[in-house]
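**Q** Below you will find the structure I want to go over with you.
The values are calculated or read from the model by the stated rules, or taken from the named source; none is laboratory data. This one's a predicted model, so the numbers in the text were calculated from it and none came from an experiment. Heads up, the Cβs are rebuilt from the backbone with ideal geometry, glycines too, and the neighbour counts pull from every protein chain shown.
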Amino acid sequence: MTDTLPRLRDGALNLAEWLAAPAPADCGALAIFAGTVRNAHEGRAVSGMTYHGHRPLAEARLREIEATAASRYNVRVAVAHALGELGIGDISVIVVVRGGHRIEAFAACRWAIDTIKQAVPIWKEEHYIDGEARFLEGTPLKSVEES
């Protein structure tokens, strides 16, 4: 959908940037997922999050997710993920899908965010109000095709 915006960005993402491109005339559906940093996790007060990633592989996987979702669901897809320090309420991940109909758009959006979580080498380090920090347990990385 857009090759002018980086798929990985240091700092919070801006959803308006990802929605700025005009919608193609054949697209009657727009599905969006924006993940934000929340202020609590498992009963602990959170002050922020640091996202760490393997940049070359993460960039390649994000592009692969876009291409695979576009092919599987016959939609246009753009995805992005933040790296670095983010505050409460900041957007950390975005999936934007434009398609002919809502069924494909919703399915592609769900598949894309689930696959980002499983296939992109990005790790979360949570920072707590009490000054502690810890990496959240992840899952072993899968290939995009396995997702």
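**Q** Within region 127-140, does at least one residue satisfy the condition of being surrounded by 15 or more Cβ atoms within 10 Å (Cβ to Cβ), aromatic (Phe, Trp, Tyr) and within 18 Å of residue 37 (Cβ to Cβ)? Break it down into steps so the answer makes sense when it comes.
**A** Initial filter on region 127-140 (surrounded by 15 or more Cβ atoms within 10 Å (Cβ to Cβ)): 127-128.
Then keep just the ones that are aromatic (Phe, Trp, Tyr); that gives 128.
Filter again for within 18 Å of residue 37 (Cβ to Cβ), leaving 128.
For region 127-140, residues surrounded by 15 or more Cβ atoms within 10 Å (Cβ to Cβ), aromatic (Phe, Trp, Tyr) and within 18 Å of residue 37 (Cβ to Cβ): present.
**Q** Continuing with this model, one more query. Since residue 25 meets every condition but one in (1) under 19 Å from residue 97 (Cα atoms); (2) at pLDDT 95 or above, which condition does it not meet?
**A** Against the list (1) under 19 Å from residue 97 (Cα atoms); (2) at pLDDT 95 or above, residue 25 comes up short only on (2).
**Q** Could you grab me the full set of residues in region 74-92 that are buried (at least 21 other Cβ atoms within 10 Å of the Cβ) and not small (Gly, Ala, Ser)?
**A** Hits for region 74-92 are 75, 76, 77, 79, 81, 86.
**Q** Any residue in region 31-43 that is farther than 20 Å from residue 11 by Cα, at pLDDT 95 or above and touching a Gly at 6+ places or on another chain (Cβ under 9 Å)?
**A** yes
**Q** Any idea which of (1) of a type in the set (S, T, N, Q); (2) modelled with pLDDT under 95; (3) farther than 22 Å from residue 53 by Cβ is the one residue 147 doesn't satisfy?
**A** (3)
**Q** Just a yes or no: is a residue in region 46-55 of a type in the set (D, E, K, R), at negative phi and surrounded by 14 or more Cβ atoms within 10 Å (Cβ to Cβ)? Write out each step before concluding.
**A** If we filter region 46-55 for residues that are of a type in the set (D, E, K, R), which is where we start, we get 55.
Next cut, at negative phi only: 55.
Then keep just the ones that are surrounded by 14 or more Cβ atoms within 10 Å (Cβ to Cβ); that gives none.
Within region 46-55, not a single residue is of a type in the set (D, E, K, R), at negative phi and surrounded by 14 or more Cβ atoms within 10 Å (Cβ to Cβ).
**Q** Among the listed residues 41, 52, which satisfies the condition of being in contact (Cβ under 8 Å) with a residue 24 or more places away in the chain, touching a Phe, Trp or Tyr at 6+ places or on another chain (Cβ under 6 Å) and more than 16 Å from residue 114 (Cα to Cα)?
**A** Details: 41 fails: touching a Phe, Trp or Tyr at 6+ places or on another chain (Cβ under 6 Å).
Answer to the selection: 52.
**Q** Show the residue pairs that are 6+ apart or on different chains and have beta-carbon atoms under 6 Å apart, the first residue being within region 105-122 and closer than 14 Å to residue 78 by Cβ, the second being in a helix (DSSP H, G or I) and not aliphatic (A, V, I, L, M).
**A** Pairs found: 108/73.
**Q** In region 80-88, is there at least one residue being over 18 Å from residue 12 (Cβ atoms) and modelled with pLDDT of 95 or more? Before you say what the answer is, go through the steps one by one.
**A** Looking only at region 80-88, we keep the residues that are over 18 Å from residue 12 (Cβ atoms), and these are none.
No: zero hits.
**Q** What residue, of 23, 60, is among the small types (Gly, Ala, Ser), within 22 Å of residue 114 (Cα to Cα), over 13 Å from the mean Cα position of the chain (by Cα) and surrounded by fewer than 16 Cβ atoms within 10 Å (Cβ to Cβ)? Explain how you work it out, then say what you get.
**A** Working: 23 fails: within 22 Å of residue 114 (Cα to Cα).
The match here is 60.
**Q** Then there's this: Quick check on my filter: what residues within region 1-32 are hydrophobic (A, V, I, L, M, F, W, C) and within 16 Å of residue 70 (Cα to Cα)? Can you show your working first?
**A** Our first condition is that a residue be hydrophobic (A, V, I, L, M, F, W, C); within region 1-32, this holds for 1, 5, 8, 12-13, 15-16, 18-21, 23, 25, 27, 29-32.
Matches in region 1-32: 1, 23, 27, 29, 30, 31, 32.
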